[in-house]
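The values are calculated or read from the model by the stated rules, or taken from the named source; none is laboratory data. Being a predicted model, the structure only gives us computed values, none of them experimental. Cβ: placed from backbone, ideal geometry, glycine included. Neighbour counts: every protein chain shown. Note: areas computed on protein heavy atoms with side chains; ligands, DNA, RNA excluded. Shrake-Rupley method; radii C 1.70, N 1.55, O 1.52, S 1.80 Å.
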Protein chains: 2
Amino acid sequence: MREVFKAELEAIADELVEMASKVSVAMRSATEALENNDLELAEKVIDNDTEIDTMTHELDQRSAELLALQAPVAADLRVVISALKMSVAIERMGDLSRHIASLVRIRHPQAALPEGFRDVFMHMGEAAIRIGEEMEQLLDSPGLRGVPVINAIDKELDQMHLQVFALIADTGRGELSPSQIADITLLSRYFERFGDQAVNVSQQVEYLLTGSWVPELSAKE
Amino acid sequence: MREVFKAELEAIADELVEMASKVSVAMRSATEALENNDLELAEKVIDNDTEIDTMTHELDQRSAELLALQAPVAADLRVVISALKMSVAIERMGDLSRHIASLVRIRHPQAALPEGFRDVFMHMGEAAIRIGEEMEQLLDSPGLRGVPVINAIDKELDQMHLQVFALIADTGRGELSPSQIADITLLSRYFERFGDQAVNVSQQVEYLLTGSWVPELSAKE
């Protein structure tokens, strides 16, 4: 019985890592689609998101069954509780990648990104890909070392989000169309929220390892 | 022992209802602050959000303890699992109300809302208040009747969100400043997401009552 339980816990952990990996790939492709105005790639991101959604449901179900059948305690219970919380955040990261891809598709054949905003968004994309990969690694081999790394990348994303707003404010009236400004605003928000959700995951890892509900390493100011 | 357990489950339910109630109040105040450019009210929303965050932590902790000490099964287990999921959504609704209030504060003494967008946003605010109240009621006396009501209001919010983008696209170049357009975009997104999170809560109520992870009444297309 004990063995089955351990196998179940491992299956939950594996599934979280796989979801995180899919989300990293989705963000990489979404950024690439945005950079190259690549409709085909954008559509792939949109299609693939249903896989992440399905995995979330499976994971939640598996966690619920484990709670019902095994009544885990202590550290094992924390794994299941945080899996339930993490699946929300990781699913959302998939949605955010899909939203970026959807904007590419909606504007195609025009580019969703005006020339003057390419650089900042490619930096945002790079940081988002990095935070996704760090999260995947953190879930694959949980340790507190990865938590502040994720926090630092999230701060970079927050900074770049502010930079986008500064760039918008500096844009001359009429230089961009109102819809272009709305697109840029949403895109920036999607990247920034992707970082926030990675922090939510790392807060759960901190809870998992320390048993404390109040994140210290992964606190957001 | 059984009695303590029931009391604990009830405490969790009560706390969820109280959180939902605070979130409804926050959305009402945020909308009012936006309508009347009321700095004082906006600051109240921002300050009060920490209460909702604290309640979320307490609720999660309480749920974890209940799982550890009582190992609930069947319907009781579902209450605890969905409480863990619902707290994420309700906390986020508090954040979204705070974001609206923050925009009012940042732009004050100027109005965050240009004249031509007042009507649509007041309708959005009204719908968001309504969905918050429906959610509170649903949690107070759970029943499947409330689920499609919440879905219908969410659809209204989605429609108004699209309407805002249509209004933005119709705005003449240079008519509004780029920052004004960015503000409107974000505000609309906040109201729309508030509705999505209420749907997430109603999906959990559906799971609670039916035991099915796949929402039928509360599915989003």
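For segment A:3-79, the Kirkwood hydrodynamic radius comes to 14.1 Å, computed from all pairs of different C-alpha atoms. Annotation: B:THR50 carries an accessible surface of approximately 80 Å², with a 1.4 Å probe and no ligand, DNA or RNA atoms counted.
Please calculate how many Å² of accessible area segment A:1-154 carries per residue, with a 1.4 Å probe and no DNA, RNA or ligand atoms counted.
On the way: 6750 Å² over 154 residues.
For segment A:1-154, the per-residue accessible area is 44 Å².
Considering the options A:VAL4, B:ALA75, B:ALA128, tell which one lies farthest towards the positive end of the dipole of the protein assembly as shown, charges being +1 on Lys and Arg and -1 on Asp and Glu at the Cβ, about the Cα centre. Positive-most Cα among the choices belongs to B:ALA128.
Any idea what diffusion coefficient segment B:93-179 gets from Stokes-Einstein, in µm²/s, Kirkwood Rh on alpha carbon pairs, 20 °C, 1.002 mPa s? Before the final figure, lay out the partial values.
Numbers: Rh = 14.9 Å.
Rounded to a whole number, D works out at 144 µm²/s.
Highest GNM mean-square fluctuation among B:LEU162, B:LEU84, B:LEU139, for chain B modelled with Cα contacts below 10 Å: B:LEU162.
Determine the gain in length on full extension of the stretch A:ALA169-A:ARG145; use 0.36 nm per residue of separation and subtract their C-alpha separation, reporting nm with one decimal. Don't skip to the end; give the middle numbers.
Working: separation 24, 0.36 × 24 = 8.64 nm, distance 3.79 nm.
Between A:ALA169 and A:ARG145, full extension yields an extra 4.8 nm.
Relative contact order of chain B, taken over Cα pairs closer than 8 Å and 6 or more residues apart, is 28 percent. Note on A:ALA75 and A:ALA13: the extension gain reaches 21.0 nm, defined as 0.36 nm multiplied by sequence separation minus the Cα-Cα distance.
Classify segment A:124-221 as rounded, prolate or oblate from the Cα gyration tensor: take a ≥ b ≥ c as the square roots of its eigenvalues, call it rounded if a/c is under 1.5, otherwise prolate when a/b beats b/c and oblate if not.
prolate
Remark: for residue pairs A:LYS22/B:LYS22; A:LYS22/B:LYS44; A:LYS85/A:LYS155; B:LYS6/B:LYS155, the C-alpha separation exceeds 29 Å in A:LYS22/B:LYS22; A:LYS22/B:LYS44; B:LYS6/B:LYS155.
Sorted shortest first, the distances from the B:HIS123 label point to those of the same residue in the other copies are 4.0 nm; each point sits 7 Å from Cα along Cα-to-Cβ.
Can you tell me the FRET efficiency between A:ASN37 and B:GLN61 if r is taken as the Cβ-Cβ distance and R0 is 41 Å, rounded to the nearest 0.05? Can you show the working numbers first?
On the way: r = 48 Å, r/R0 = 1.16.
Taking R0 as 41 Å, the efficiency between A:ASN37 and B:GLN61 is 0.30.
Between copies, the label points at A:ASN37 (set 7 angstrom from Cα along Cα-to-Cβ) are spaced 3.9 nm, reported in nanometres from shortest to longest. Inter-copy label distances at A:GLY172, shortest first and taken from points set 7 Å along Cα to Cβ: 1.8 nm.
Expressed as a whole percent, how much of the Cα-Cα distance distribution for the protein assembly as shown exceeds 40 Å? When every Cα pair of the protein assembly as shown is considered, 15 percent fall beyond 40 Å.
Tell me, what is a quarter of the convex hull surface for the C-alpha atoms of chain A, in nm² with one decimal? Computed as one quarter of the Cα hull surface, the answer is 12.2 nm².
What FRET efficiency comes out for the pair A:VAL214/B:GLU115, r = Cβ-Cβ distance, R0 = 56 Å, nearest 0.05?
Details: r = 45 Å, r/R0 = 0.80.
E between A:VAL214 and B:GLU115, to the nearest 0.05, is 0.80.
With a 1.4 angstrom probe, the accessible area lost at the A-B interface totals about 3300 Å².
Taking the helices alone, the protein assembly as shown has a mean residue ellipticity at 222 nm of -30000 deg cm²/dmol, built from -39,500 (n - 2.57) per DSSP H run of at least 4 residues and averaged over all its residues.
By its C-alpha gyration tensor, with a ≥ b ≥ c as the square roots of the eigenvalues, how is segment A:39-160 shaped: rounded for a/c under 1.5, else prolate for a/b larger than b/c, else oblate? Before the final figure, lay out each step's value.
Working: a/c = 3.86, a/b = 1.65, b/c = 2.34.
Oblate is the answer for segment A:39-160, as a/c is 1.5 or above yet b/c matches or exceeds a/b.
For segment B:1-119, carbon and sulfur atoms together expose 48% of the accessible surface, with a 1.4 angstrom probe and every protein chain in place. When only alpha carbons are used to place a centre, segment A:157-182 and segment B:115-179 end up 24 Å from one another. Taking only Cα atoms and a 10 Å spring cutoff, compute GNM fluctuations for chain A and point out the largest among A:GLY125, A:GLY146, A:GLY172. Top of the fluctuation ranking is A:GLY172. What segment A:172-215 shows is 27 Å² of accessible area per residue, with the surface traced by a 1.4 Å probe over protein heavy atoms.
Length gain on complete extension for the stretch A:ALA68 to A:VAL4, per 0.36 nm per residue less the alpha carbon to alpha carbon distance?
Numbers: separation 64, 0.36 × 64 = 23.04 nm, distance 1.40 nm.
Going from the current span to full extension adds 21.6 nm.
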